[in-house]
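The values are calculated or read from the model by the stated rules, or taken from the named source; none is laboratory data. Note that the structure is a prediction, hence the values are computed from the model and not measured. Reconstructed Cβ throughout: ideal geometry from the backbone, glycine too, with neighbour counts over all protein chains shown. We work out accessible area using only protein heavy atoms, side chains counted, and drop any ligands, DNA or RNA first. Shrake-Rupley method; radii C 1.70, N 1.55, O 1.52, S 1.80 Å.
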Amino acid sequence: MLLLHCSLLLLLLLPLASRPQKLPTRDEELFQMQIRDKAFFHDSSVIPDGAEISSYLFRDTPKRYFFVVEEDNTPLAVTVTPCDAPLEWKLSVQELPEEASGEGSGDPEPLEQQKQQITNEEGTELFSYKGNDVEYFVSSTSLSGLYQLDLLSTEKDTHFKVYATTTPESDQPYPELPYDPRIDVTSLGRTTVTLAWKPSPTASLLKQPIQYCIVINKEHNFKSLCAVEAKLSSDDAFMMAPKPGLDFSPFDFAHFGFSVDNNSGKERGFLKSSKFGRQTPSKPRVDLHKVCIGNKNIFTVSDLKPDTQYYFDMFAVNTNTNMSTAYVGTFARTKEEAKQKTVELKDGKVTDVFIKRKGAKFLRFAPVSSHQKVTFSVHSCLDAVQIQVRRDGKLLLSQSVEGVRQFQLRGKAKAKYLIRLKGNKKGASMLKVLATTRPNKQSFPSLPEDTRIKAFDKLRTCSSVTVAWLGTQERNKFCIYKREVDDNYNEEQKKREQNQCLGPDTRKKSEKVLCKYFHSQNIQKAVTTETIRGLQPGKSYLLDVYVIGHGGHSVKYQSKLVKTRKFC
């Protein structure tokens, strides 16, 4: 068995006073007590039996760990997990001094003589590896002796994890992979990918608590969850190295910038600073996402970008031990965005455009004759939309449009204009678009900046209400309509009906109040009032004002909810 008592470290590593020493045997109760005591492994190079340790390597600075197997034919398993850089590691064994092995008889040799006898000999190499894979050494009948694990990172400072046990059959801290450990892509869309995998036998057969964590990124597959966490935290204290010359308890995770979180349903957090490292400015967060989904074995990744290659990794995590095993990662390219059909605009003709939520539409305008100016009029019927105008590939305009807007751009012979309209995140968008090279041909009426309808509360009676609205310097036709609504009619319902592109032709004749022409050369006096009569006492009405342009197209002002007096 692996010896864990601190006297082992004194025996092998420290030249203390010469007094009779004896290698202790493992006491399981003592071992469990020592594992719980962080201070026991402080400044230690001893690998504990059955516990995973996390540690740190400086570039080109080797590190050595020790453990002792007392009896021949003891099972042994050693696992080394590189985190964010390839490692070179070697496992070797030396024979123990005869007097120190087992329950040897007689007086043991002095400590210094035992130490020299062990460390001066060249051990027998059992296994070596170079790379960034999670690699194992397993033996069902290992020799007794002093085992040395030497690790080196030649690429950069890095973290790593080591696990060793003399009871691999009963421990099984790492989740077992199914016979087919691949991740299958079962469905592929423009913004979604559905993944499926076979469950870990650790969950299905051994009934141990297992959860699955999916990692998505655009660069490469990962071979361990440790490597993922290192990448996720590359801009935090995870990569703050301890000062050279200091050894720390592998269980004191805070020394390495870790915060311990036993809640396996949450992602591991990392401290922003450490007393053993200096604070560094935060770097941009890497484009890497990790999500733990419980024990499901099918999951759909959404909100991806079209025509983009993604790498997917799956890790089975034992929530009792917080140790993980990687499935064989996969990659997939999302489908291309459906090619947009470009709508051709005709000079002086209004075109209706419908855009799905978060969608986009492309319009093309190619004047047949030379022109000095081109005018684009956009009427957004619902919420605001984004408009971009390019002339022969050059961006001329990029703005948000709400209501009616008009843009006049300098013309160019044989120029072609591409208009991109991007919809709103809240819902679908409807627009009316007009392009023309004739500035005087305007189908949309001009609007004031404020399109609200004002109601005068003091002029309210049991059968009438008085309202006012702003006009412009351009002579236009205004029509006012009324509709009786329930008392519980609210602003949310009114908002749903705010389609400014629906004209008077969609209203009932009985709802029409009147139409009149109105304008004023003095913009400050461009105000008109109207009294709506013939209303019922204590009733609510929705009032709409439409302004109709010379081309027959109308724009609706913001609706106004009014209520007559109940008693007069």
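Structure data summary
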quantity	calculated
Total formal charge among the other residues, if their Cβ is under 12 angstrom from that of residue 344, Lys/Arg +1 and Asp/Glu -1	+4
Summed residue charge, Cβ within 14 Å of residue 206's Cβ, Lys/Arg positive, Asp/Glu negative	-2
The stretch 456-568, accessible area per residue, ligands and nucleic acids excluded (1.4 Å, Å²)	58 Å²
Placed amide H near residue 360: partners under 5 Å, 5+ positions off or other chain	423
Mean Cβ count within 10 Å, highest first, over the residues of peptides 74-87, 171-184	74-87, 171-184
Cα gyration tensor, the stretch 135-235 - rounded (a/c under 1.5), prolate or oblate	oblate
Sulfur and carbon atoms: percent of accessible area, the stretch 453-563 [1.4 Å]	46 percent
Positive minus negative residues near residue 516 (Lys, Arg vs Asp, Glu; Cβ under 14 Å)	+2
Calculated log₁₀ intensity ratio I(q)/I(0) where the Debye formula runs over C-alpha points of the stretch 453-563, q = 0.10, 0.14, 0.15, 0.18 Å⁻¹	-0.29, -0.57, -0.66, -0.94
Packing rank of 143-153, 531-541, where each peptide gets the mean count of other beta carbons within 10 Å, highest leading	143-153, 531-541
Listed residue pairs exceeding 25 Å between alpha carbons, taken from 425/563; 454/563; 512/566	425/563
Trypsin sites (Lys or Arg not before Pro) restricted to the stretch 380-460 and DSSP loop, no more than 14 other C-beta within 10 Å	414, 416, 425, 426, 441, 452
Two-site FRET efficiency, residue 462 against residue 420, from Cβ-Cβ distance with R₀ of 56 Å, rounded to 0.05	0.60
